[in-house]
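This report concerns only the one structure given below.
The values are calculated or read from the model by the stated rules, or taken from the named source; none is laboratory data. Bear in mind the structure is a predicted one, so any value in this text is a computation, not a measurement. Because the Cβ atoms are built from the backbone with ideal geometry, glycine has one as well, and the counts that use them run over all protein chains shown. For accessibility, only protein heavy atoms count, side chains too; no ligands or nucleic acids. Shrake-Rupley method; radii C 1.70, N 1.55, O 1.52, S 1.80 Å.
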Amino acid sequence: MGETGLRADARRNRDRILEAGRQLIVERGALPPLEDIAQRAGVGIGTLYRRFPERDDLMIGISAHTLRRVVEVARGAWDEGPDAWSALSSFVHRCIELRMGVLSSTVDPELHTRIRRDPAVSEARREFAELLTRMVEGAQADGVMREDVGPGDIGMLVSVHIHQAADIPAEMAEVIPGRLAGLMLDGLRTRPGTPLPGAAIGGSDLDPA
């Protein structure tokens with residue numbers, strides 16, 4: 001049965017499993033034991049295995065779920081921002097806080113190819129590319145963002161915050177995402193500076209998860 005054909009309770013269990021998996025990957029830097037995911041999701045291990053018989057099935061599901069989160073963040077930033085640059089700034093800050101790039105760093109090349117071919121992932125990537133292209137082109141049209149940057153560049157930027165040492169003091173850990181986002185956004189502003197090598201990376205090359 002496809003995701004759209006699930007009962008409401010089964011869909012909630014699936015969503016809890018996928019979100020628990022995403023959270024634990026962010027926290028640990030790798031896919032944890034499935035028992036840990038089931039415990040975090042508040043479901044039995046049998047429920048997890050019924051939905052995701054193989055670990056690769058789970059990783060593909062988590063990837064699609066993560067991309068939907070990215071789309072929600074991008075859409076919310078666009079709808080709430082007073083202008084394109086404000087929307088882009090909000091999006092960058094939120095993605096870095098969520099450490100959206102961790103998932104892609106845990107996937108081997110063969111599985112990565114399978115993930116990109118998954119219909120749910122492909123649809124989410126298309127939506128994400130459209131929203132981010134709208135922000136980038138809008139900010140550039142307003143004259144506040146450098147012209148030699150494309151949506152694909154932003155997709156890679158928000159994926160760089162992967163590892164955060166566990167022994168970092170809490171007060172420092174709280175400000176790291178904001179500092180990283182501030183540095184990134186400052187480099188995107190229009191100002192005289194050194195041109196970037198090569199051409200801007202377009203929306204078709206986006207791969208945030």
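The table below lists the values:
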item	result
Environment charge at Val71 (Cβ cut-off 11 Å; Lys +1, Arg +1, Asp -1, Glu -1)	+1
Nearest-0.05 FRET efficiency for Arg28 and Ala8, computed from C-beta distance (R0 45 Å)	0.90
Added length on full extension, which subtracts the Cα-Cα distance from 0.36 nm per residue, Glu54 to Asp15	12.3 nm
Volume of the Cα convex hull of the chain, divided per residue and given in Å³	141
Met184, Met156, ranked by accessible area, largest first (probe 1.4 Å)	Met156, Met184
Cβ-defined net charge surrounding Ser89, 11 Å radius [Lys, Arg +1; Asp, Glu -1]	0
In the stretch 47-109, the GluC sites (Glu not before Pro) that fall in loop regions by DSSP, at most 14 other Cβ within 10 Å	Glu54
Cα-projected label distance for Asp118 with Ala173, points at 7 Å along beta-carbon direction, nm	2.8
Most mobile of Met145, Met100, Met172 in a GNM of the chain (Cα contacts under 10 Å)	Met172
Rough spin-label spacing in nm, given labels placed 7 Å along Cα→Cβ, for Ser104 and Asp79	2.6
Exposure ranking of Ile168, Ile115 by accessible area [1.4 Å probe, largest first]	Ile168, Ile115
